[in-house]
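Just so you know, all these numbers are worked out from the coordinates, no wet-lab data involved. Being a predicted model, the structure only gives us computed values, none of them experimental. Cβ placement follows ideal geometry from the backbone for every residue including glycine, while neighbour counts extend to all protein chains displayed.
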Amino acid sequence: MEEFLGLASLLTGLPSLKGVDQASVEGRMARDYLRLLKEQYGPGFDALLTIYRSVAASPDPLKSLLQDPGFDAEPVTTAARQIVNLWLLSQYGGGPGKLPDQDGGFYEKGAVWPAIKAHPIGFSHLNYGYWSSKPTHE
Amino acid sequence: MALFSKYRDHTYDFDVVIVGSGVAGALAAWKLSRYDDDYRILILEAGDNGINEGQRVEFHHAMDRQGNRGDMFAPYLEVASRTMVPSPEKAAAPKPAPGQPFAEKYYDYGDTPDTFRAGYNRLVGGSTWAWRGNCPRFLPTDFRLKKEFGVGRDWPIDYDDLEDYYVEAEYELGVSGNHEELDGLFGAHRSRPFPMPGQALTYSDQLVKARIEGKKVGDTTVKVTTTPQARNSQPYDGRPACEGHSNCIPLCPSHAKYDATVHLRRLSRSRNVELRSGCVVTLLSKDDKGHVTRVHYRKWNAPGMPDTVVTAPIVVLAAHAVETPKLLLMSNLANSSDQVGRNLMDHIQWEVTALFEEPVYPFRGPQSVTAIESFREGKFRSQRSGFRMTIGNDGWGRAGSPAKIIDELLTKKVYGPDLLSQASHEITKMIRLSFSTEMLPSPNNRVQVSSKVDDALKLPRPLITFGVDDYSKGGLMAGFEASKSLFQLMNATLAEATPPVQDGKLNWNTAAHIMGTCVMGSDPKDSVVDGWGRCHDHENLFIVGSSVFATGATANPTLTLAAITLRTAKAIHRQLRHGHHNYALV
């Protein structure tokens with residue numbers, strides 16, 4: 001699990017993933033995503049983890065990961081995309097030019113929404129007129 | 001005229017049978033029940049879905065599986081009835097190569113010049129399960145296009161005939177809007193304010209408006225106005241104010257936006273109104289006196305799929321502009337003019353996207369709040385369509401969801417901290433202008449009955465023939481040029497600026513505003529219904545919905561069809577109550 005979260009943190013740029021509390025919702029997300037990746041993208045995911053292990057201790061692990069010749073090969077590339085899609089959108093599937101169309105189970109927790117200072121589309125939890133003001137949490 | 005001499009004639013099963021439970025059918029039933037709660041009304045609906053909050057929650061959470069969130073039908077695709085009463089949800093699929101089958105599931109396209117892309121919902125509540133709630137009115141000249149500009153057709157009614165009903169429709173649907181902004185728009189006077197103020201402008205609207213308000217684009221002075229929308233700006237009709245879920249299409253989770261279930265739920269408490277779902281009307285037939293009083297339907301969700309006939313002295317077709325003409329053609333009724341199915345129209349639409357100079361923070365609030373009405377009217381309408389322009393608050397809309405931007409960055413191998421940083425930089429500056437144009441009614445654009453393919457109930461599918469005319473293409477190009485000028489005024493950077501007409505190829509989107517096919521007119525030789533929505537050929541058969549539109553204009557059709565429905569309901573009431581229909585058209 002720790003290795004998976006380290007890889008996910010590297011790919012997504014979300015440092016918080018490294019310290020996920022296993023008792024939290026994020027912990028449940030991590031377990032579900034890990035299981036899903038193993039089931040749906042096993043060979044690519046395993047190969048990606050192998051590359052990650054080899055670069056994790058390097059001075060710039062992301063650069064090393066992306067420059068590793070194995071990263072550009074399928075099914076590794078697809079596995080990397082799905083890790084990002086799951087954590088940012090809680091969706092998976094698709095591929096280059098084809099958008100993810102499967103539910104990862106935690107749509108409202110997608111990391112893209114706070115990054116663009118919006119709520120998940122369809123789940124506002126705010127009151128009328130909030131949209132007139134500039135987002136304050138910048 | 002003996003048919004209606006006793007309006008409460010209990011030799012009939014019902015006083016009124018209405019086919020279809022979308023906004024037109026639901027509103028007709030509601031209004032008739034208000035005229036007289038003794039009217040025995042049956043609504044037959046092909047779809048079969050709940051309209052309680054539980055169903056709404058189920059649809060809402062189905063959106064999680066929508067992926068790129070661009071499919072307006074996605075929440076409803078798993079409703080069981082979709083197999084038995086298919087809808088053209090894949091109508092937007094591109095036309096395949098010759099000899100290859102269409103990817104869609106319902107239309108038979110035959111030899112159509114262009115693909116008819118507009119879909120609709122066969123659900124309890126109809127296509128209001130997938131609408132944005134925009135409720136602009138038509139302009140006075142929209143009702144006399146031929147007289148004013150020498151093109152298209154004229155309606156047998158005018159704006160003044162409808163004005164009271166427009167007001168009533170705005171109160172029935174719960175339309176928010178700013179009276180002062182729109183009163184007198186190109187001659188469209190308003191006799192009463194909206195039931196509630198217009199939606200609060202989005203943050204992006206304010207930035208955009210500050211840059212373009214009062215500026216000139218060609219000869220046109222730009223004015224940004226708040227679009228009247230059937231979306232609550234304050235609690236109204238037992239529903240809350242909009243919470244800005246940014247998901248008006250396909251589904252408003254909070255029910256701040258009107259849909260036909262509002263009236264259907266009210267009707268469920270009426271003692272004399274019955275809704276039967278899962279009932280596909282297969283035929284209308286005449287009784288031994290020659291009146292169209294027999295409605296045949298197949299209840300596909302009952303064991304053995306029994307066929308049943310119900311009778312009523314008044315039959316109302318409210319099955320939208322594809323199913324209604326198809327049923328009439330299958331029944332060989334109302335077509336002495338040979339106009340049933342003809343004059344099929346949509347609003348041909350295109351959009352231009354850009355990046356604003358600074359973040360506008362889309363996806364916060366309604367998908368669109370404001371519009372530019374300034375381009376809808378002018379002498380140019382003798383040559384080309386006007387257009388109605390909306391300012392989006394949903395990024396690049398169909399052209400670029402957050403998922404798509406992330407996908408493009410991943411394809412460029414952008415990972416790590418740069419990924420969200422670049423995605424955020426781009427997504428927060430996304431702005432979109434969309435414009436809808438008017439098609440002219442053409443007898444060649446039509447719905448027929450397919451002789452080649454049928455559905456799960458062995459009923460023929462609609463055969464569609466459709467071509468986008470030069471009139472609309474001219475409007476599309478004018479909208480494209482105006483959009484570029486507006487973005488220049490905003491100092492925004494154009495993103496996708498594909499011309500709608502390029503090297504002979506037409507690029508366009510559907511607004512899914514299906515209109516025409518049973519057009520209204522004064523001349524029985526040239527139209528299907530009269531100014532009250534009654535079939536020229538059958539005094540007790542009425543049609544409500546956008547199928548009666550003689551022209552399509554540039555305004556979203558729902559408010560106008562709702563107003564016409566209320567007017568038709570009045571005619572039906574008179575006919576039931578007074579036993580005759582020889583009333584004047586004014």
* Loop only per DSSP, at most 15 neighbouring Cβ atoms within 10 Å: give me the trypsin sites (Lys or Arg not before Pro) in the stretch B:501-537, ordered by residue number. => B:LYS525
* Structure fact -> Relative contact order in percent for chain B (Cα pairs under 8 Å, 6+ apart) equals 22
* To do: Provide the packing ranking of B:348-358, B:114-124, A:14-24, B:510-520, i.e. peptides ordered by the mean count of other C-beta atoms within 10 Å per residue, highest first.
  => B:510-520, B:114-124, B:348-358, A:14-24
* Among A:GLU39, A:GLU108, A:GLU26, which one moves the most in a GNM of chain A with springs linking Cα atoms closer than 10 Å? -> A:GLU39
* Structure fact -> chain B -> Rg/Rh from Cα coords, Kirkwood Rh, value 0.96
* Compute the Rg/Rh shape ratio of the stretch B:282-405: radius of gyration over Kirkwood radius, all on alpha-carbon atoms. => 1.19
* To do: Using DSSP to define loop residues, name the GluC sites (Glu not before Pro) in the stretch B:481-586 whose beta-carbon has at most 15 other beta-carbon atoms within 10 Å.
  => B:GLU496
* Structure fact -> For chain B, percent of DSSP beta bridges that are antiparallel (nearest 5) comes out at 75
* Asked: In deg cm²/dmol, rounded to 500, what helix-only [θ] at 222 nm does chain B give when every DSSP H run of at least 4 residues adds -39500 (n - 2.57) and the total is split over its residues?
  -> -7500 deg cm²/dmol
* Distance in nm between label sites at B:ASP154 and B:ASP237, each 7 Å beyond Cα in the beta-carbon direction? -> 3.4
* Structure fact -> In deg cm²/dmol, rounded to the nearest 500, the helical mean residue ellipticity at 222 nm of chain A, built from -39500 (n - 2.57) for every DSSP H run of length 4 or more, is -15500 deg cm²/dmol
* Two decimals is fine: what is log10 I(q)/I(0) at q = 0.05, 0.12 Å⁻¹ for the protein assembly as shown, from a Debye sum with one equal scatterer on every Cα and no solvent? => -0.26, -1.34
* Asked: Which whole number gives the average, over all residues in B:416-426, of C-beta atoms from other chains lying within 10 Å of the residue C-beta?
  -> 5
* Could you work out how far the C-alpha centroid of the stretch B:209-270 sits from that of the stretch A:1-61, in angstrom? => 43
* Asked: How big is the Rg/Rh ratio for the stretch B:222-302, C-alpha atoms only, Rh by Kirkwood, two decimals?
  -> 1.18
* Asked: Cα centroids of the stretch B:293-322 and the stretch B:421-459: how far apart, whole angstrom?
  -> 29
* Kirkwood-Stokes translational diffusion coefficient of the stretch A:2-107, alpha-carbon pairs, 10 °C, 1.306 mPa s, µm²/s -> 115
* Highest-first arrangement of B:171-182, B:443-454, where packing means the average Cβ count within 10 Å -> B:171-182, B:443-454
* Take every DSSP beta bridge with both residues inside the protein assembly as shown and express the antiparallel ones as a percent of the total, to the nearest 5. => 75
* **Segment B:GLU53-B:ASP454, length gained on full extension (0.36 nm per residue, minus Cα span)** => 141.0 nm
